[in-house]
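Notes to accompany the following structure.
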Amino acid sequence: MIKSNTLNLDDCQGLQYITFPHFDKTGLIRHAFSTRFGGVSQGIYQTMNFSFTNGDARENVLENYRRICNAIGVDYHNCVLSFQTHTNNVRIVTDDDIGKGIFKDRDYNDIDALITNIPGIVLVLQFADCVPLLFLDPEKKVIANAHAGWKGTVSKIAEKTVASMQKKFGCNPSDILVGIAPSIMQCCFEVDQPVFEQFERIDGVNINDICIFKGNGKYNINLQKTNCIILENTGIRPENIVVTDLCTKCNSDTFHSHRATNGKRGNNASFISLV
């Protein structure tokens with residue numbers, strides 16, 4: 001199994017997944033970020049894939065959901081899936097949403113972050129290099145799960161999620177804990193001039209703090225640090241943010257990576273549920 005200095009690496013009878021130490025200490029949630037180990041999918045999806053739309057057999061994907069939910073102690077019937085299209089749109093999840101995206105059709109689209117304060121609901125998002133952001137307010141008992149690809153990052157989905165937690169549930173940013181799960185890191189996230197210019201325009205973020213200038217119109221961007229700066233600008237304390245030290249592209253044998261496979265892959269997933 002890979003090693004990390006910031007994340008917990010858990011194993012449940014061969015099913016391997018990631019958790020955050022500061023979340024575990026609260027005892028308030030069940031959560032996980034998946035690896036490729038412990039499922040039943042085959043071929044390019046091997047063995048843990050959570051997408052129903054990339055060609056994998058539905059029965060295999062369902063079994064993968066059942067297995068990881070059993071491993072972390074939640075009911076996979078209570079999962080609620082996002083509808084990710086690289087927006088900064090946020091949905092407040094209620095009991096009416098239980099099962100949507102896995103057992104029931106979703107009556108929403110263009111949703112890249114989910115928030116709830118209802119125990120037992122499992123918020124699920126999918127990834128294959130983009131940045132997973134998991135949130136817990138231990139005071140108000142509110143959780144969130146957000147998908148920050150480069151488009152979501154520059155449109156500040158992190159800030160939008162925190163603002164929604166404040167507006168709907170009265171959360172204080174200084175109380176919120178954040179986990180940034182395995183995703184493509186600066187070593188592998190190379191962009192061209194048009195994408196670089198979008199990062200250059202992010203209010204409150206100094207491009208020199210997040211970018212390596214390579215020349216020839218190429219740049220390596222630090223998505224994790226960009227999101228950390230955005231989160232800290234909302235009032236979240238730096239010490240409350242735990243950041244991955246595992247790059248999905250560098251570790252494509254452990255995580256699904258879009259860039260490492262030119263899109264021929266399954267999806268990783270992040271799960272979070274209030275006890």
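The values are calculated or read from the model by the stated rules, or taken from the named source; none is laboratory data. All of these numbers come straight from a predicted model, not from anything done at the bench. Every residue, glycine among them, receives a Cβ derived from its backbone with ideal geometry; neighbour counts consider all protein chains shown. Just so you know, the surface numbers come from the protein's heavy atoms only, side chains and all, with ligands and any DNA or RNA stripped out. Shrake-Rupley method; radii C 1.70, N 1.55, O 1.52, S 1.80 Å.
Restricting Asn109, Asn89, Asn70, Asn117 to residues that are in contact with an Asp or Glu (Cβ under 6 Å, 6 or more places away or on another chain), open to solvent by 20 Å² or more (accessible area, probe 1.4 Å) and of a type in the set (S, T, N, Q) narrows the list to Asn89.
Scanning for something under 18 Å from Asn88 (Cβ atoms), in contact (Cβ under 8 Å) with a residue 24 or more places away in the chain and not β-branched (Val, Ile, Thr), does the range 240-251 turn up at least one residue?
no
Within the range 161-181, which residues are within 21 Å of Phe271 (Cβ to Cβ) and either out of contact with any His (no Cβ under 9 Å at 6 or more places or on another chain) or open to solvent by less than 10 Å² (accessible area, probe 1.4 Å) (or both)? Correct list: Thr161, Val162, Ser164, Met165, Phe169, Cys171, Ile176, Val178, Gly179, Ile180, Ala181.
The conditions are (1) more than 29 Å from Arg259 (Cβ to Cβ); (2) touching a Cys at 6+ places or on another chain (Cβ under 8 Å); (3) in contact (Cβ under 8 Å) with a residue 40 or more places away in the chain; (4) not basic (Lys, Arg), and Pro182 fails exactly one of them. Which is it? That leaves (1) as the condition not met.
One residue stands out in the range 255-275 among those that are among the polar types (S, T, N, Q) and within 18 Å of Leu125 (Cα to Cα): the one that is surrounded by the fewest Cβ atoms within 10 Å (Cβ to Cβ), namely Asn267.
Checked against (1) part of a helix (DSSP H, G or I); (2) in contact (Cβ under 8 Å) with a residue 60 or more places away in the chain, Val124 passes all but condition (1). Scanning the range 14-35 for residues that are crowded, with 19+ Cβ neighbours inside 10 Å, in contact with a helix residue (DSSP H, G or I) (Cβ under 9 Å, 6 or more places away or on another chain) and not polar (S, T, N, Q) yields a total of 6.
The test for being basic (Lys, Arg) and surrounded by fewer than 21 Cβ atoms within 10 Å (Cβ to Cβ) does not hold for Lys156. One residue alone among Asp11, Asp97 is modelled with pLDDT of 95 or more, surrounded by fewer than 16 Cβ atoms within 10 Å (Cβ to Cβ) and not hydrophobic (A, V, I, L, M, F, W, C), and that residue is Asp11.
For beta carbons closer than 7 Å, sequence separation of 6+ or different chains, a first residue in the range 256-275 that is at pLDDT 95 or above and a second that is of a type in the set (Ser, Thr, Tyr) and surrounded by fewer than 22 Cβ atoms within 10 Å (Cβ to Cβ), the qualifying pairs are Ala260/Ser252; Thr261/Ser252; Gly266/Ser41; Gly266/Ser51; Asn267/Ser51. Taking residues in the range 77-93 that are in contact (Cβ under 8 Å) with a residue 24 or more places away in the chain and within 20 Å of Ala163 (Cβ to Cβ), and partners anywhere that are open to solvent by 50 Å² or more (accessible area, probe 1.4 Å) and in a strand (DSSP E or B), the pairs with Cβ atoms closer than 8 Å and at least 6 places apart or on different chains are Ser82/Arg91.
With respect to Asn60, determine if the residue is buried (at least 16 other Cβ atoms within 10 Å of the Cβ) and touching a residue at least 60 places away in the same chain (Cβ under 8 Å). No. Scan the range 182-197 for residues that are open to solvent by 20 Å² or more (accessible area, probe 1.4 Å) and in a loop (DSSP other than H, G, I, E, B) and the total you get is 4. Looking only at the range 198-231, filter to residues that are among the acidic types (Asp, Glu) and open to solvent by 80 Å² or more (accessible area, probe 1.4 Å); which one of those is farthest from Lys160 (Cα to Cα)? Out of the qualifying residues, it is Glu200.
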